[in-house]
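I have placed the structure first, in the form of structure tokens, so that the comments after it can refer back to it.
The values are calculated or read from the model by the stated rules, or taken from the named source; none is laboratory data. All figures in this text were calculated on a predicted structure; none of them were measured in a lab. Ideal geometry is used to build each Cβ from the backbone, glycine not excepted, and the neighbour counts take in all protein chains shown. In case anyone asks, the SASA skips ligands and DNA or RNA and just uses the protein heavy atoms, side chains included. Shrake-Rupley method; radii C 1.70, N 1.55, O 1.52, S 1.80 Å.
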Amino acid sequence: MSALTPETLADCPLHSLADAGTAHRIDALKAELERLTGMAWHAGDAGPHLREQQSLLRTVLDESPDFIVLKDHEGNFLLCNKPVADFYGTTPEAMVGKHDGHFSATPEQAEFFRRNVLDVMARGHTEVVFEESTDDRSGQTRYFKSIKKPFIGDNGLPRILVIAQDITDIRRAQQQVQESERRLSYVLNATGEGVWDWDLGTNALQHNARWFELLGYAKGELESSIAAFERCVFADDLDDTRAAIQRCLDGHGPYRHEHRMQRKDGSTMWVFDRGDVVERDAEGRPLRMVGSFADVNERKVAEAMTERLAFYDPLTGLPNRRLMLDRLQQAIRTSGRSGLFGALMFIDLDNFKDLNDCNGHGTGDALLQQVGQRLRQCVRQRDTAARIGGDEFVLILEELGSSLLDTAGHAELVAAKVIDAVGQPYDIEGVAISSTPSIGIALFGAPADTADELLKRADFAMYQAKDAGRNTLRFFDPAMQEAVLSRTQWLAQLRTAIDRRELCIHLQPIVDGDRRTVGAEALVRWNHPERGLVSPADFIPLAEQSGLILAIGEQVLDAACRQLVAWSAQPANRALSISVNVSARQFHHPDFVARVLDAAERTGADPARLTLELTESVLLDDLAEVIVKMTALKARGVCFSIDDFGTGWSSLSYLKRLPLDELKIDRSFINDVLTDPNDASIVQTMLVLARSLSLEVVAEGVETAGQREFLAGHGCRLFQGWLYGRPMPAADWPIAGYGPLSSP
Ligand code: C2E
Ligand code: MG
Ligand code: MG
């Protein structure tokens, strides 16, 4: 235990515990004590100077709002200031020499104070104690923060200085704040809503306990931040939620938004989230936003159930008649806008009634469910497969083709797929069941089409399929039926034509600005035994759909290579190159690179004289694969051109990434270049673009000198078109050439 000195007082932690005002007052007291160190504390035989000092100290002590007490080793008061005496309803002088038992409200309280100072003295170091005591005058409980500093008095016995700050008011205020916070959080939690408060300045976010509870977290288990909130929003709903909040921040009023949140356990729930900016700065920038969300999962689930019941067939889960009609109307409208045709298919299971009667309704239901699944697998994601009654299903196939014939072709392929899929055996509880469909098809896309009328047509066609012996398809339009039939025949003939090598190439010159021929484009023709020369427009689409394009492409490539070899022997044609059209399907074949190089090697053609014309559709697929293939061929000298440039999906980024040599501006732009200012500026832009990418440009379909002048005037250097020469059989090419693909 040490004596009370200014130094030991400075150790006292009161400064750190008391508020600034109290600290200041204690400093004053300390200064006075410093001067009086070593003096007897109680009144004694003092000289006039000392008496003056004592009276000064008395004043300082009494003026202090804190309770100041000095006690001897037995707990008797040696000194106390006026606030203490006031508290006990007596005078400081009356307290000297007495102990707490004389003044405290209860013996327990007196004993507590006595014991406490004796204990602190025994422990020998300064302690801070929080105490309650009963005010003798008011009978109220008061709270104190006391510093108890033991030291050795000048009589060699322990003493203790107690300085107590009355913190009753502070404590009451704290209690009130705590109480009102408790009530507020009770109210907030009682609403059942997750409440949040977002300070945009610091980006701090606060939540009530319910917020965490709704999401399945313990309070504080999830950090309170916007990032954590966004992690809880169901990924598919995040963009919409952000946009809704942003609209509110931008000043468009409170936000109300229903979205899904992900709970801690991974489950999702629908919430009704709302909020508003409650504080903005002078410039209107949002500073604070508050809001809450309520769990509306039950309502949403009920709504979804109601919707399912209203719009979906409970047995198969497919859209019902009502939703199907809605989608059909939508499809008709879309088709009207896009100009693309679609098909409606009415599918009825053959002999379903017999199956139901013989095997029971349970088997019938199971069959319908499996048929529903198979139908769904026959169509693309965006198509609709619906069950509209007993054993009747409908397929809505959108945007199948740009012409009725083309659309009919696609629809027929899908119908064939359906016949195959539905016709596969079913295993229903260990019993093998078989079923077949009859399909009626109506095409749509005409402005006057209505859903009801289309459904009637498809239904009618379905009955014709039944009449035709079932397990087959019929188009509503007899002409369409005819066309589809001939398409099948056409395909068979094309297959034979390839085998019989009835295809040949014609060559159309490509010239430079001085009309010097620099090369030719190889254009395929079908030398049909009865119809004569058939244009590629009449069989290439069919070949693409059926896969025959692969065989055709190889024959064309072969013929072009042989033509190059023939030209290499003619000084006039030696430097010419040949452009060959490559379809997307051909290009994406895994063996494409090998096949091109093989054709060159087999025939002895120089790959550097070969240009492959790709359409933009080739590039729509895996661009990395395209680049790998192009680079492999480029390494052997093969050149690349983008055909029909401007008609497809053009983007600068892919042009830059591809190892290209040339663009061929599509005929449609050249056609009107002199009359349509739009086309003129498109062509000019393409020429500038090509120059900036160091690509050569060929203008296709140049028919007039005027077109040529315009193009040359804007920097085009290569031309192809009737102005210079129509596609001609190789045999007609000046000097000499090879004709049919079958020739060596
Ligand atoms: P393309 O590659 O854009 O070929 C140019 C087409 O424009 C050719 O039609 C050509 O005869 C025609 N043409 C050329 N100059 C003029 C002109 O001044 N005026 C007019 N009105 N037309 C002109 P073609 O030979 O009927 O070929 C049509 C399309 O068939 C080709 O368009 C190409 O996409 C495709 N094609 C032709 N041969 C093959 C081939 O071997 N393989 C593949 N995959 N497609 C081919
Ligand atoms: Mg071409
Ligand atoms: Mg072209």
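Take the conditions (1) surrounded by fewer than 18 Cβ atoms within 10 Å (Cβ to Cβ); (2) not in a helix (DSSP H, G or I); Gly336 misses just one of them, which is (2).
Considering only the range 100-123, I want to know if a residue exists there that is touching a residue at least 60 places away in the same chain (Cβ under 8 Å) and on the phi < 0 side of the Ramachandran plot. So far as the range 100-123 goes, yes, one or more of its residues are touching a residue at least 60 places away in the same chain (Cβ under 8 Å) and on the phi < 0 side of the Ramachandran plot.
Considering the range 630-649 alone, what residues qualify as being touching a helix residue (DSSP H, G or I) at 6+ places or on another chain (Cβ under 8 Å) and open to solvent by 20 Å² or more (accessible area, probe 1.4 Å)? Result: Ala632, Arg636, Gly637, Cys639, Asp644, Gly646, Thr647, Gly648, Trp649. Mind checking which residues of the range 97-123 are of a type in the set (D, E, K, R) and either open to solvent by less than 50 Å² (accessible area, probe 1.4 Å) or assigned to a helix (DSSP H, G or I) (or both)? Across the range 97-123, the qualifying residues are Asp100, Glu108, Glu111, Arg114, Arg115, Asp119, Arg123.
Within the range 556-598, restricting attention to residues that are over 17 Å from Phe640 (Cα atoms) and either in contact with a Cys (Cβ under 9 Å, 6 or more places away or on another chain) or acidic (Asp, Glu) (or both), the residue that is nearest to ligand 3 (Cβ to nearest atom) is Ala559. Among the conditions (1) closer than 18 Å to Ser579 by Cβ; (2) without any contact (Cβ under 8 Å) to a residue 60 or more places away in the chain; (3) away from ligand 1 (no atom under 16 Å from the Cβ), Gly715 misses just one, which is (1). Restricting Glu544, Glu554 to those that are within 16 Å of ligand 2 (Cβ to nearest atom) and of a type in the set (Asp, Glu) reduces the list to Glu544. Residues in the range 284-308 that are in contact with a strand residue (DSSP E or B) (Cβ under 8 Å, 6 or more places away or on another chain), outside any strand (DSSP E or B) and among the basic types (Lys, Arg): Arg299, Lys300.
Could you check how many residues of the range 48-96 are open to solvent by 30 Å² or more (accessible area, probe 1.4 Å), of a type in the set (Gly, Ala, Ser) and under 23 Å from Phe113 (Cβ atoms)? Number of matching residues: 2. The set of residues in the range 569-604 being of a type in the set (Gly, Ala, Ser) and more than 18 Å from His506 (Cα to Cα) consists of Ala569, Ala572, Ala575, Ala584, Ala594, Ala599, Ala600, Gly604. In the range 580-597 there is no residue that is closer than 22 Å to Pro729 by Cβ, away from ligand 1 (no atom under 15 Å from the Cβ) and crowded, with 21+ Cβ neighbours inside 10 Å. Assessment of the range 500-519 against the conditions (over 46 Å from the mean Cα position of the chain (by Cα), open to solvent by 30 Å² or more (accessible area, probe 1.4 Å), in contact (Cβ under 8 Å) with a residue 24 or more places away in the chain and within 16 Å of ligand 2 (Cβ to nearest atom)) yields at least one matching residue.
With the requirement that a residue be open to solvent by less than 40 Å² (accessible area, probe 1.4 Å), without any contact (Cβ under 8 Å) to a residue 40 or more places away in the chain and away from ligand 3 (no atom under 16 Å from the Cβ), what does the range 526-549 give you? Scanning the range 526-549 gives Trp526, His528, Gly532, Val534, Gly547, Ile549.
Listed by first and then second residue, the pairs linking a residue in the range 576-593 that is within 20 Å of Ala520 (Cβ to Cβ) and part of a loop (DSSP other than H, G, I, E, B) to a residue that is among the acidic types (Asp, Glu) and away from ligand 2 (no atom under 11 Å from the Cβ), with Cβ atoms under 8 Å apart and 6 or more places separating them unless they lie on different chains, are Ser583/Glu544.
Could you check, for the range 464-474, whether at least one of its residues is among the charged types (D, E, K, R), at positive phi, in contact (Cβ under 8 Å) with a residue 24 or more places away in the chain and surrounded by fewer than 19 Cβ atoms within 10 Å (Cβ to Cβ)? Yes: one or more hits.
Taken as a whole, the structure leaves Ala599 outside the set of residues that are away from ligand 2 (no atom under 12 Å from the Cβ), assigned to a loop (DSSP other than H, G, I, E, B) and under 25 Å from Val518 (Cβ atoms). Among the criteria (1) touching a residue at least 24 places away in the same chain (Cβ under 8 Å); (2) outside the structural domain of Ser225 (by TED's automatic domain parsing), the one Leu184 does not fulfil is (1).
Would you say Ala461 is over 42 Å from the mean Cα position of the chain (by Cα), under 19 Å from Leu328 (Cβ atoms) and outside any loop (DSSP other than H, G, I, E, B)?
Working: over 42 Å from the mean Cα position of the chain (by Cα): yes; under 19 Å from Leu328 (Cβ atoms): yes; outside any loop (DSSP other than H, G, I, E, B): yes.
Taking the combined requirement at face value, the residue satisfies it.
Within the range 672-706, which residues are among the small types (Gly, Ala, Ser) and within 16 Å of ligand 1 (Cβ to nearest atom)? The answer is Ala699, Gly701, Ala705, Gly706.
Would the range 571-584 turn up any residue that is over 26 Å from Gln493 (Cβ atoms), basic (Lys, Arg) and at pLDDT below 95?
Checked the range 571-584: at least one residue is over 26 Å from Gln493 (Cβ atoms), basic (Lys, Arg) and at pLDDT below 95.
Taking the numbered list (1) surrounded by 21 or more Cβ atoms within 10 Å (Cβ to Cβ); (2) touching a Gly at 6+ places or on another chain (Cβ under 6 Å); (3) assigned to a helix (DSSP H, G or I) in turn, Leu400 passes all entries but (3). Asp622 meets all of the listed conditions (1) open to solvent by less than 70 Å² (accessible area, probe 1.4 Å); (2) away from ligand 1 (no atom under 16 Å from the Cβ); (3) closer than 30 Å to Arg595 by Cα but one, namely (1).
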